[in-house]
Amino acid sequence: MAQYTTVNGSVALITIQNPPVNALRAAVREGLFNAIQKASSDPLVRSVVLSGQNGTFCGGADIKEFGNVSSMSGPLLVEVFALMETSMKPVVAAIEGFALGGGLELALACHYRIGHSKARVGLPEVNLGLFPGRQVIAGEALKLGLLDRVTDHNTVDTALAFAKSVEGKPLDNRRLGNRPCPPLENMDAFFEEAMKRVRSRARGASAPVVCVQAVRGAATLPFHKGMELEKVLLGTLFNSGQAQASQYCFFAERAGARWSMPSGARWDTCRALSISTAAVIGLGTMGRGITVALARAGLSVVAVETQEHQLAEAQRVVSHMLKGGGQVSYSSDLQAAAEVDLVVEAVFEDMALKEKLFKLLSSICKPGTLLATNTSTLDIDRLASCTRDPQLVVGMHFFAPAHMMRLLEVVYGPRSSPEAVATAMQLGKRMGKVSVAVGNCPGFVGNRMLKPYLEQAYFLLEEGATPELVDAALEEFGFPMGVFRMTDLSGLDVGWRIRKEEGLTGPDVPAGQPTRSRHGHRYSPLGDLMCERGRYGQKSGRGWYLYDKPGGRVARSDPWLRNFLEEYRVRNALVARPIHRQEVLERCLYAIINEGFRILDDGIAASPQNIDAIYVFGYGWPKHRGGPMFYAGQVGLARVLEGLERYHLAHPDVPHLEPSSLLRRLVASGSPPIHKWNQMVKGHRSQL
Ligand SMILES: CCCCCCC/C=C/C(=O)SCCNC(=O)CCNC(=O)[C@H](O)C(C)(C)COP(=O)(O)OP(=O)(O)OC[C@H]1O[C@@H](n2cnc3c(N)ncnc32)[C@H](O)[C@@H]1OP(=O)(O)O
């Protein structure tokens, strides 16, 4: 766990050994403690170098231990730090790879720190519901005073030579605990301003706010008092629901990589195809972002757009985004895709258009080309059936802006081969995405769950709510944007087009259909009516809110909308009633959760973790709430079930509010913890 050797006669070299990231689990802490003691008591040793195995200093405390603090053994981290800092022999940290969280604290307990120029250091625990904040690379760390020296050479060798050179030198001013924090002018005003800013950005997350309190304590109190305060504050966070949710997200983010298909094919048994060239077809907003994401991942990309003016504009925008990096060529001819390894289709969400395109691509592209569609809802299998090799067709559903959003839904149809899925998943990894493999159904996972969410939001407007009221409740919950601000941003016409495709609105709706009902179920035409009036959201300068100009970003309440809703209610004999924030949250969130349970039961998602990763990384679900499925567990499955039953009773014509059979089965079996839910799924697949 901590290897001990002596080098150059007088330097003890301690190497942390706990792959893959040298996390500080109990055995490592114990090993470090013993090694420092050994170095201190060996009269031949005059200095110490601390390093990590395999080019990795340390990824911090072992997050897997956090769920089970009471059974934790071995010395505490602070005890290891104290032993190191008070050592009478200089201790030099040799930082390669990364020193994060407790790993950086370990380095800070050393008397000197030498970092490789590519090393990253930081305290990212805020992402785990603990404090503090961001990561920096070695050069910046040097400027900040976190490192004493940066090297491009072998870091351990440099540190060994350095340790030798400081043997016998005084250490008092090298101990960080002895160094005063330089005073700031207007300290109080500074921290009050910082607190105000952090609170407004934290969207209900406690860790960033508590972090400011801890930093204030560190800056204003004597060292030991600051440490005491930090211990108390950390205690308030450590066992909080928010910390549990954030730590769950850490593992959910990585769980998608261990994908499986109902056929039994899985991540560790399938080989990905080799991909070095790609074509992106259709250069609207999505196509441009996808081009950038693929080029940044090192692929040579040909970007194809048949409309010349759109092609020229895309070339300008993509070149600007890539800033000279990346290999991209442009063409208005589909033949340019003939020799590529991968095609990503990103044209309009129109089945007939996509079918035609897939047929063409299938005849143009060389055998073995992977054909991917960026559709957000349409049937992958129907597209596959237009091609020569349906096993080489998958969905790669990116999220706007595609070069920035972390999520990639990789959609497999019944005929997609495991190799095709493995290839898309590996590409996702190359692009730095959180990739999740999901089955084929309308909307896949993310948009299938979005549908009941939007539906509830529209129904709430019909019943008396305003977009402002609904959005405020959701933003207070932690979403970066409420549902109406979000649809204004993405464009109301997107959903309108999909509803037309589904025959819910537009010319295909049979004459005489009631305005607020489809197939015997409640339907709200509000979104359609808005689009018929040209209110597409930000792009048209007006949607659920008013913007100063088309493309404007600042949303204002619109008196027109209030009148429009009032007239709509009168026309449809609806009586507005006061709606409470709690009802907004329960109806919107429980509707999402309920669909999540159905998706799990249908085998469309392989685990609740996968669903949660999709919602956190693609739909703005707040990380400190852990994703919809985790949140359901925190609220209590019985309470979610009771809420759905109550709302379904009040709205029997809304099938999305009818509790899913999996939720009922889970509650009947005593609401097991989330990692056991898969055992209750129809045709249960293993939890990997
Ligand atoms: C009990 C009281 C203690 C109180 C102490 C409080 C003070 C200290 C707190 C902390 O130190 S909290 C931890 C802070 N560290 C982090 O937040 C770093 C988290 N890890 C990462 O950011 C990345 O993993 C990485 C270190 C940058 C490496 O990235 P890379 O892409 O190379 O690999 P990954 O796929 O992310 O990880 C590989 C593998 O390792 C697991 N893992 C990573 N970090 C930890 C960790 N700190 N503890 C336990 N496990 C960790 C990760 O889950 C992957 O595992 P698998 O999914 O492959 O099984």
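Residues are listed down the side, and each one gets a yes or a no for (1) exposed (fewer than 15 other Cβ atoms within 10 Å of the Cβ); (2) away from the ligand (no atom under 16 Å from the Cβ):
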| site | (1), (2) |
| --- | --- |
| Thr158 | no, yes |
| Ala189 | yes, yes |
| Met195 | no, yes |
| Val212 | no, yes |
| Ala219 | no, yes |
| Leu233 | no, no |
- Query: So which of Gln17, Gln3, Gln37 is more than 38 Å from the chain's Cα centre (by Cα) and not small (Gly, Ala, Ser)?
  - Reply: Gln37
- Note on the structure: Residue pairs within 6 Å by beta carbon, gap of at least six or interchain, first lying in segment 238-254 and farther than 17 Å from Gly204 by Cα, second among the hydrophobic types (A, V, I, L, M, F, W, C) and outside any helix (DSSP H, G or I), listed first then second, are Glu253/Val434
- Task: Identify, by number, the condition in (1) within 16 Å of the ligand (Cβ to nearest atom); (2) part of a strand (DSSP E or B); (3) under 18 Å from Pro90 (Cβ atoms) that Leu108 doesn't meet.
- Result: (2)
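A quick yes/no check of all residues on (1) open to solvent by less than 20 Å² (accessible area, probe 1.4 Å); (2) more than 10 Å from the ligand (Cβ to nearest atom); (3) closer than 30 Å to Leu44 by Cα:
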{"position": "Glu65", "(1), (2), (3)": "no, no, no"}
{"position": "Leu76", "(1), (2), (3)": "no, no, yes"}
{"position": "Ser87", "(1), (2), (3)": "yes, yes, yes"}
{"position": "Val136", "(1), (2), (3)": "yes, yes, no"}
- In segment 267-286, which residues are outside any loop (DSSP other than H, G, I, E, B) and out of contact with any Pro (no Cβ under 8 Å at 6 or more places or on another chain)? Thr277, Ala278, Ala279, Val280, Ile281, Met286
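State which residue is most open to solvent (accessible area, probe 1.4 Å) when the search covers only segment 18-44 and only residues that are more than 20 Å from Phe66 (Cα to Cα) and touching a Gly at 6+ places or on another chain (Cβ under 9 Å).
Checking each candidate, the answer is Leu44.
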- Query: Would you say Gly55 is near the ligand (Cβ under 10 Å from one of its atoms), among the small types (Gly, Ala, Ser) and at pLDDT 95 or above?
  - Reply: no
- Task: Could you run through segment 538-567 and say how many residues are assigned to a loop (DSSP other than H, G, I, E, B) and surrounded by fewer than 19 Cβ atoms within 10 Å (Cβ to Cβ)?
- Result: 10
- Checking Thr505 against (1) of a type in the set (S, T, N, Q); (2) at pLDDT below 95; (3) in a helix (DSSP H, G or I), which test does it fail? (3)
- Meets criteria (at pLDDT 95 or above and in contact with an Asp or Glu (Cβ under 6 Å, 6 or more places away or on another chain)) for Ser117: yes
- Query: Does Leu294 meet the test of being open to solvent by 60 Å² or more (accessible area, probe 1.4 Å), outside any loop (DSSP other than H, G, I, E, B) and hydrophobic (A, V, I, L, M, F, W, C)?
  - Reply: no
- Pairs under 7 Å by beta carbon, first residue of a type in the set (S, T, N, Q) in segment 138-154, partner in a helix (DSSP H, G or I), six or more apart or different chains? Thr151/Thr158
- Note on Val11: of the conditions (1) under 25 Å from Gln135 (Cβ atoms); (2) open to solvent by less than 20 Å² (accessible area, probe 1.4 Å), unmet is (1)
- Of these, Ala632, Ala606, which one is buried (at least 24 other Cβ atoms within 10 Å of the Cβ) and under 18 Å from Leu450 (Cβ atoms)? Ala632
- Go through the residues of segment 608-620 one by one and say whether even a single one is in contact with a helix residue (DSSP H, G or I) (Cβ under 6 Å, 6 or more places away or on another chain), part of a helix (DSSP H, G or I) and of a type in the set (S, T, N, Q). yes
- Which residues, taken from segment 111-122, are away from the ligand (no atom under 15 Å from the Cβ) and among the aliphatic types (A, V, I, L, M)? Ile114
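Could you tell me whether any residue of segment 220-239 is within 30 Å of Lys64 (Cβ to Cβ) and not in a helix (DSSP H, G or I)?
yes
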- Item | All positions within segment 528-537 that are under 29 Å from the mean Cα position of the chain (by Cα) and not in a loop (DSSP other than H, G, I, E, B) | Gly537
- Note on the structure: So, first residue among the β-branched types (Val, Ile, Thr) in segment 211-232, second residue in a helix (DSSP H, G or I), Cβ within less than 6 Å, six or more apart or across chains; the pairs are Val212/Ala194; Val212/Met195; Val212/Val198
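The values are calculated or read from the model by the stated rules, or taken from the named source; none is laboratory data. Remember, it's a predicted structure, so these values are computed and weren't measured experimentally. Ideal geometry is used to build each Cβ from the backbone, glycine not excepted, and the neighbour counts take in all protein chains shown. Protein only, heavy atoms only, side chains kept; ligands, DNA and RNA dropped before computing areas. Shrake-Rupley method; radii C 1.70, N 1.55, O 1.52, S 1.80 Å.
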